[in-house]
Number of protein chains: 2
Amino acid sequence: MKKEITIYDIASQIGVSPTTVSRALNNHPRVNERTKKKIYETAEELGYQSNIFASNLRRKYTYNLGVIVPRLDSPFQSSVLAGMEKMASEAGYNLIISQSLDSLSKEIANTKSMFNSRVDGLLVSLAADTGNIDHFQPFFQKEIPVLFYDRVPEQNQFTGVVIDNVQAGFEATSHLIDQGCENIVHVLGNPKINVYMDRLKGYKYALMDHDKHYNPDYVIHLKLDEHAGENIVEQLLNMDPVPDGLLVSNDTCAASCVIALKKRGIEIPRQMAIVGFNNDLISRMVDPNLSTINYPSFHMGEVAVKNLINHLSDEENQLLQKTETITLRFSLIVRGSSNRLAL
Amino acid sequence: MKKEITIYDIASQIGVSPTTVSRALNNHPRVNERTKKKIYETAEELGYQSNIFASNLRRKYTYNLGVIVPRLDSPFQSSVLAGMEKMASEAGYNLIISQSLDSLSKEIANTKSMFNSRVDGLLVSLAADTGNIDHFQPFFQKEIPVLFYDRVPEQNQFTGVVIDNVQAGFEATSHLIDQGCENIVHVLGNPKINVYMDRLKGYKYALMDHDKHYNPDYVIHLKLDEHAGENIVEQLLNMDPVPDGLLVSNDTCAASCVIALKKRGIEIPRQMAIVGFNNDLISRMVDPNLSTINYPSFHMGEVAVKNLINHLSDEENQLLQKTETITLRFSLIVRGSSNRLAL
DNA sequence: ATAATTTATGAAATCGGTTGCAAAAATAGA
DNA sequence: TCTATTTTTGCAACCGATTTCATAAATTAT
């Protein structure tokens, strides 16, 4: 290990105190311009690199933001992360990213680890089985801002970025009804997650709004992955009456349903109209293309980080602890999988 | 900001020196078991949290690994990251992740930022336009291990994790030839990237091996995204003779080709047999399913981190600076898009 | 009982910036 | 020229844990 260049080296090199060097490097106004220039030059020349540990130790600030996502390898989450990274890097922050794998115990471990790493702020999309948010208590107590996005806690006492999932579920369902669907099945993931719960609400409201009867048998809960389609379609075809509309809470799963239905010779959208969620790549690739809710994932990442950093740089604490929820706009994209009227 | 609990608080609480507390908390053997127990209890009771800055400042070790990926929102990269995160978190390391967006200048900025953050090691998949790797020089000089994966530098002087892309290109092309394809087009991305260059080599070798003529016009370079299919198919149909085999260097793009071809009524695989790369979700969803090279992305992430950590914990420097490349196994998955013989 | 070890603990220096306070230098004002 | 300001600079303490070296206490050997 080579010796490190410190501000002391720079200081002695040009016969000035470390204090002045420190101030110069931080561009403190109370340092003579000529001195500054000389210090910059010497620093450059010696290949000086600031020791952030020393700096952090004094300042208690890391310029690191923690992120806890359910899984890294999901089209939605990776798009959010891309937005976060862009914003963070522009503002000079690093992102420390970890995944909970939808397990509460891992989420707790991650939270602890983030706390010990002393991130300046935390961005979280909750694990499926996270019932309460007590494990964030250390952050709350130390007044380190925690911002939830997409999958947020039940309680209303948090800062978060979401879309109006009730409305999204409502619009998607209403659209299916408008297309003449009589019996609409809704497939969703773990109902403990607000996202799914809200969409389900929207689904019910839409039925009510159109004087349709709500049939609990038409609601299917399961893991929304690429293999679910077969199982779902099997169930659909055994229902009485066989449904003619399908609202699936993510595109991957919706696409797998499309495939399973086609395999059985069922015409889409004539016999079965389908709407997914997220506007993932797959929704534009499957045949027929999936109608879906366009989820502003990248933007959500940007907004979340932007907002968190605003909180952090808010010296006067004017925003701090102000509980607020930012709701982003979504839109229903109608494509072949549900567009009966265009037939 | 509440006052922080330090080892001094613990020390004075039970009338012992900070030295002993520090040693106890690090489970140093030279501390009496009884004393240790008391220190642990008091630490717990006071809600002590170690200050990693102070610790890092002394130890010069962060337990942070840097990762620079071309883009966060790619199925391949996010799967690699998932593997990395799993391994890192098991070993007690954090991941600081940033994206270069395939721009050299951003990669340089990211590298600097990682260096200033004093990560213990760096994992890199290079940007498309990265010609040389001079910007990693500070890492090399300070002997901070840098491990490249997938997209690695031209030079042979690096530690890296890859698959044998020459062989993969060879096998994929040979497979198409075996299926009776006479004229095979190869679509690939920026040829400055080793991955694409190597596959092109494999493509050529396979042609040679089967006594087929190599036609440079049959090699198309462009951005491999979901929109490329139209453009590619347009080109294909204007070729003379019109090709009957297509090797596309990623699944997203290959899937878009499938769609564009079907739109024009071209039968797959009879008139055009197609092989993609990566075994992304989309390859299993498009109709017909895509034959593809199964890329061990998750595993690649695991192996990369595992290996990096091995380097780091190698006290005696036995491994250090030993240039080595780990080559992972890939496999060709044959599906409907190329399986003519099954027709 | 005394010397030789072994075990347990502490004092103080150190890691490298940052910052409150005070002094020195430069400039302005009378 | 001398006092009042304003600019620049530096001293020294501090952030909190780690570690070297030395010493005290306990244990074993002689």
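The values are calculated or read from the model by the stated rules, or taken from the named source; none is laboratory data. In this text, all values refer to a predicted model and were calculated from it rather than measured experimentally. Heads up, the Cβs are rebuilt from the backbone with ideal geometry, glycines too, and the neighbour counts pull from every protein chain shown. Heavy atoms of the whole protein, side chains included, go into the accessibility calculation; ligands, DNA and RNA do not. Shrake-Rupley method; radii C 1.70, N 1.55, O 1.52, S 1.80 Å.
Looking at the range B:122-212, the accessible area is 36 square angstrom per residue; that uses a 1.4 Å probe and ignores ligands, DNA and RNA. Residues whose amide H comes within less than 5 Å of that of A:R335, counting only those at least five positions distant or on another chain, are A:S291, A:T292 (H built at 1.01 Å from N in the peptide plane). Within the range A:233-272, the trypsin sites (Lys or Arg not before Pro) that combine a DSSP coil assignment with at most 15 other C-beta atoms in a 10 angstrom radius are A:R264, A:R270.
Here's how it looks for A:I326: its modeled amide H is under 5 Å from those of A:G160, A:V161, A:V162, which are all 5 or more places away or on a different chain.
Can you give the longest run of chain A that contains no GluC sites (Glu not before Pro) sitting in a DSSP loop with at most 16 other Cβ atoms inside 10 Å? By the stated rule (loop sites, at most 16 other Cβ atoms within 10 Å), A:5-142.
With point charges of +1 on the Cβ of Lys and Arg and -1 on the Cβ of Asp and Glu, referenced to the Cα centre of the range A:219-271, which listed residue (A:V248, A:I266, A:H221) lies farthest in the positive direction of the dipole? Going by the Cα projections, it comes out as A:I266.
Give A:K38/B:K106; A:K262/B:K86; A:K263/B:K201; A:K262/B:K192; A:K36/B:K192; A:K142/B:K36 a once-over and call out the pairs whose C-alpha atoms are over 31 Å from each other. From the list (A:K38/B:K106; A:K262/B:K86; A:K263/B:K201; A:K262/B:K192; A:K36/B:K192; A:K142/B:K36), the Cα-Cα distance tops 31 Å for A:K262/B:K86; A:K263/B:K201; A:K262/B:K192; A:K36/B:K192. Computed about the Cα centre, the dipole magnitude for the protein assembly as shown is approximately 2120 debye when only Lys and Arg (+1) and Asp and Glu (-1) carry charge, each at its Cβ.
Residue-wise HN-Hα couplings along the range B:88-95, as the Karplus relation 6.51 cos²θ - 1.76 cosθ + 1.60 with θ = phi - 60° gives them from phi, are 5, 5, 5, 8, x, 9, 9, 10 Hz; Gly and Pro carry x.
Using the alpha-carbon positions of the range A:46-194, Rg (one decimal) and Dmax (whole number) come out as 18.9, 76 Å.
Residues in the range B:244-249 carry Karplus couplings, in order, of 10, x, 9, 10, 10, 7 Hz; the curve used is 6.51 cos²θ - 1.76 cosθ + 1.60 with θ = phi - 60°, and Gly or Pro positions show x. For the range B:213-343, the per residue solvent-accessible surface stands at 45 Å², with DNA, RNA and ligands left out and a 1.4 Å probe. Of the whole protein surface, A:Y214 contributes about 70 Å² of accessible area at a 1.4 Å probe radius. Using the Karplus relation 6.51 cos²θ - 1.76 cosθ + 1.60 with θ = phi - 60°, the per-residue 3J(HN,Hα) values for the range B:262-276 come to 4, 4, 8, x, 8, 7, 10, x, 4, 8, 9, 9, 10, 10, x Hz, with x marking Gly and Pro. Mind jotting down a quarter of the surface of the convex hull over the alpha carbons of the range A:7-50, in square nanometres, one decimal? If you wrap the Cα atoms of the range A:7-50 in a convex hull and average its projections, you get 2.5 nm². With kT/(6 pi eta Rh) evaluated at 4 °C and eta = 1.567 mPa s, and Rh the Kirkwood radius from Cα pairs, the range A:1-120 diffuses with a coefficient of 75 µm²/s according to Stokes-Einstein. For the protein assembly as shown, the convex hull spanned by the alpha carbon atoms encloses 191 Å³ per residue.
Under 5 Å between amide hydrogens, built in the peptide plane, is the criterion, and for B:I96 it picks out B:L65, B:G66, B:V67 among residues at least 5 positions away or on other chains. Debye calculation, C-alpha points only, no solvent: report log10 I(q)/I(0) for the range B:165-222 at q = 0.12, 0.16, 0.25 Å⁻¹, in the same order as the q values. Debye intensities relative to I(0), on a log10 scale: -0.23, -0.41, -0.99. Contact order, relative form, for chain A: 17 percent (alpha carbon pairs under 8 Å, 6 or more residues apart, mean separation divided by residue count). A simple spin-label model places the labels of B:R59 and B:L237 6.4 nm from each other, with each point 7 Å out along Cα-to-Cβ. Here chain A has 48 percent of its accessible surface on carbon and sulfur atoms, given a 1.4 Å probe and all protein chains in place. Taking all protein chains into account, the per residue accessible area for the range B:10-57 stands at 62 Å² (1.4 Å probe). Charging the Cβ of each Asp and Glu at -1 and of each Lys and Arg at +1, and nothing else, the dipole of chain A about its Cα centre rounds to 1240 debye.
Globularity index of the range A:165-295 is 0.92 (Cα radius of gyration / 2.2 N^0.38 Å, N = number of residues). Charges were assigned to the Cβ only: +1 to each Lys and Arg, -1 to each Asp and Glu. The resulting dipole of the range B:165-295 about its Cα centre is roughly 180 debye. Report the Cα centroid-to-centroid distance between the range B:257-272 and the range A:36-71 in angstrom, as an integer. Taking the Cα centre of the range A:36-71 as reference, the centre of the range B:257-272 is 55 Å away.
Relative to its Kirkwood radius, the Cα radius of gyration of chain A gives an Rg/Rh of 1.14. Estimate the FRET efficiency between A:I108 and B:R264 by the formula 1/(1 + (r/R0)^6), using the beta-carbon distance for r and 51 Å for R0, to the nearest 0.05. E between A:I108 and B:R264, to the nearest 0.05, is 0.40.
Heavy-atom accessible area buried between chains A and B is around 4500 Å² (1.4 Å probe, both sides summed).
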